[in-house]
Amino acid sequence: MNLTTVQHSRKERTQSAKEVGVLEKASHVFIGPYIKDKMNGCFQCFYHILESNDSNYKEIIDFGPSFAHTSLTESVLREMAPETFMNKVLIINKKTFEFEWKNIRKSPFCKTCSGYLEPAGGESTVFKDSSVYRVKSSQEISNLIEAYQDEIIDWDTGIGKNIFRDAESNIIPMYAIEANIGNRKYYSYGRTVNLTASRNAAILELLERYSSMVPRFKETIYDSYANLILKGRHVLHPSKYILRHNQVFKEDAGMYWSVCIEQGSGKKVLVPEQMMYFDNQLLRGEERFLYETSNGTALGGTPEEALVYAALEAVERDCFLVHWYTKKLPKLVEQSSIKDPKVKRVLETLYGLGYDIHLFDISLETEIPAIWILIRNQNEDANIHIYNAAGSHYEPEAAIFAALVEAATSIIVYEEKLGKEKEGLKHLIANPEGVRKMEDHVNYYAFKENAGAFDYLLDNLSDLERTTTTAMEPSFPFSFTNILGKILNHHPEIYFCNMPNDLIEEMDLHVVKVFIPTLQPMTFGKQNERINADRLSRYGREKNIFEKEPHPFP
């Protein structure tokens, strides 16, 4: 593709060039974008998103020669102000005279725009407390999503390519979004009480993942650990967190770093970028020596809200894994103590379908409620035998509902999915090392032959200590400060990184990734397993943990 006819140079961008880019092809004309300042996307950004989404417009741009402007194009340029094309491209079908507007944003993969970076670590360290769970109401969120709907979901240029309702999830309404970044396809899901809320939840998860996969226009810090220490920087030593096959960390090796804030002190600390952005190699081309997931990442109406929910997710995963790896017996939640009618309805539906359901209280030292839900299919011919989910929230029944929704939707979907795939997954039977990716953790326990890993729990149900949702309620009032304070009391190192981009900022939303070194991290694939021995030893860690069966978290 010859972009010389449409691509503004950096010099032109700096001078706020008044020209609108135009690419005239035999069948279509592409008009825009207009570049006013460094915040605006260029035609190369437009091309990158077309390429990621495998859009037919990319083929039109690539195929055949370009032509001089037609009278139609000249007329559009005369009649429309340049600002009309800011972060937009107008596509005109020259045969049908149909007009189509496409919204664009700067692409981190664009070589022209990638030179314009925001200073690293400029985030405010002033903490704004709140005593409500969510700063923005559900109606405010719905209005916000509606206002940006065409930009968020679009087959050609959306950060999400396609949104669809999953018809297999017939207990709880579920929406899924197909999205692409670079050559990586990923999905976001929303499942909750009704169709609108589920759709919004899927879009919010998409925005969170969009922000946390690769850094977007943040100043790059590339240096070795040794050099940064010599420069007097506060740096987190990566040696404890490297992958098992990378036994030696080289302190003089260059790598990318993210500026994080230490909660409480406000101190800026450099953390390996691979621990913050779980797909940074797509942008950096850096070989991964750390394994990280979206664990501990959340979106919120304020940075503080995002931080709290990111921390709650980290606590949830830690509670689950501590119980799993140490075989610590949880408390059994009396289901008769549940008051929320939404939870009761889902439980009744699942029992009616023949599922056996257990709710476990896995809360640990922070006093923040955490729930483990285990669903077992009693049908001998079931495609999935056991499914697990977890949740954490200040309100125990909110934690139960979050975990139950995850489990109820997923077990139905996997039952259908594995009907077609299970035959090809038999290599997982009694083969823990065969678990290589996230889905394998579910697939492994789809087989009844692997269910012995739960004997320590299911064989002792009658002996488990009982509890109620009322007994699980925290003894402290809810506030962002109180939640973080409870975690800090036991885990004094909490590092967080804001993950801004122009779309999220324009929507007045925030995405935060949190890293708490003293918690047990969630990983997927036995080859990526990372064990926090100090953490597990507090609860009686067993020996040879790497030789044991994989965790069952989806």
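The values are calculated or read from the model by the stated rules, or taken from the named source; none is laboratory data. Computed from a prediction, not measured in an experiment: that's the story for all the values here. Ideal geometry is used to build each Cβ from the backbone, glycine not excepted, and the neighbour counts take in all protein chains shown.
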Matching option when the condition is β-branched (V, I, T), under 24 Å from P272 (Cα atoms) and modelled with pLDDT of 95 or more, among I229, I141, I163: I229
Flag if E286 is more than 17 Å from the chain's Cα centre (by Cα), assigned to a loop (DSSP other than H, G, I, E, B) and either without any contact (Cβ under 8 Å) to a residue 12 or more places away in the chain or farther than 29 Å from L457 by Cβ (or both): yes
All positions within region 267-319 that are among the aromatic types (F, W, Y) and modelled with pLDDT of 95 or more: Y309
Subset of region 390-417 (residues that are outside any helix (DSSP H, G or I) and surrounded by fewer than 24 Cβ atoms within 10 Å (Cβ to Cβ)): H393, Y394, E395
Selected residue [closer than 22 Å to I181 by Cβ, among the hydrophobic types (A, V, I, L, M, F, W, C) and part of a helix (DSSP H, G or I)] from F46, F109: F46
Verdict on D459 being under 30 Å from S336 (Cβ atoms), of a type in the set (D, E, K, R) and more than 26 Å from the chain's Cα centre (by Cα): yes
Any hit, region 214-225, residues being at pLDDT below 95 and touching a helix residue (DSSP H, G or I) at 6+ places or on another chain (Cβ under 6 Å): yes
Residue in region 49-67 that is surrounded by the fewest Cβ atoms within 10 Å (Cβ to Cβ), counting only those that are in contact with a strand residue (DSSP E or B) (Cβ under 7 Å, 6 or more places away or on another chain) and not in a helix (DSSP H, G or I): F67
Conditions (1) more than 26 Å from H491 (Cβ to Cβ); (2) in contact with a strand residue (DSSP E or B) (Cβ under 8 Å, 6 or more places away or on another chain); number of the one not met by A226: (2)
Region 341-380, residues that are in a loop (DSSP other than H, G, I, E, B) and either in contact with a strand residue (DSSP E or B) (Cβ under 8 Å, 6 or more places away or on another chain) or not acidic (D, E) (or both): L353, G354, I362, S363, L364, T366, I368, P369, Q378, N379
Any hit, region 272-279, residues being more than 28 Å from G182 (Cα to Cα) and touching an Asp or Glu at 6+ places or on another chain (Cβ under 7 Å): no
Filter result (over 21 Å from the mean Cα position of the chain (by Cα) and under 22 Å from A389 (Cβ atoms)) within region 429-443: P432, V435, N443
Unmet criterion (only one of (1) of a type outside the set (S, T, N, Q); (2) out of contact with any Ser or Thr (no Cβ under 6 Å at 6 or more places or on another chain); (3) surrounded by fewer than 18 Cβ atoms within 10 Å (Cβ to Cβ); (4) under 29 Å from N194 (Cα atoms)) for Y309: (3)
Restricting region 140-169 to residues that are within 27 Å of V413 (Cα to Cα) and among the charged types (D, E, K, R), the residue that is surrounded by the fewest Cβ atoms within 10 Å (Cβ to Cβ): E168
Pick from region 166-188, criterion more than 20 Å from C110 (Cα to Cα) and out of contact with any helix residue (DSSP H, G or I) (no Cβ under 6 Å at 6 or more places or on another chain), ranking: modelled with the lowest pLDDT: A167
Residue within region 394-406 that is among the aromatic types (F, W, Y) and closer than 23 Å to A298 by Cβ present: yes
Residues of region 68-93 satisfying the condition of being in a helix (DSSP H, G or I), surrounded by fewer than 15 Cβ atoms within 10 Å (Cβ to Cβ) and more than 41 Å from the chain's Cα centre (by Cα): S71, L72, E74, S75, R78, E79
Pick from region 377-389, criterion surrounded by fewer than 22 Cβ atoms within 10 Å (Cβ to Cβ) and in contact with a helix residue (DSSP H, G or I) (Cβ under 9 Å, 6 or more places away or on another chain), ranking: farthest from A446 (Cα to Cα): E380
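To keep it simple, each residue is scored yes or no on (1) at pLDDT below 95; (2) over 30 Å from I159 (Cβ atoms); (3) in a loop (DSSP other than H, G, I, E, B).
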residue: L457; (1), (2), (3): no, yes, no
residue: P474; (1), (2), (3): no, yes, yes
residue: F478; (1), (2), (3): no, yes, yes
residue: N482; (1), (2), (3): no, yes, no
residue: K486; (1), (2), (3): no, yes, no
residue: N489; (1), (2), (3): no, yes, no
residue: C497; (1), (2), (3): yes, no, no
residue: L503; (1), (2), (3): yes, no, no
Unique residue being under 21 Å from the mean Cα position of the chain (by Cα) and closer than 19 Å to E305 by Cα when the list is K128, K185, K136: K136
Pairs where the first residue, in region 475-489, is in the same structural domain as E304 (by TED's automatic domain parsing) and the second is of a type in the set (S, T, Y) and surrounded by 14 or more Cβ atoms within 10 Å (Cβ to Cβ), C-beta under 8 Å, 6+ apart: F478/Y133; F478/Y394; S479/S130; F480/S130; I483/Y394; K486/T366; I487/T366; N489/T366
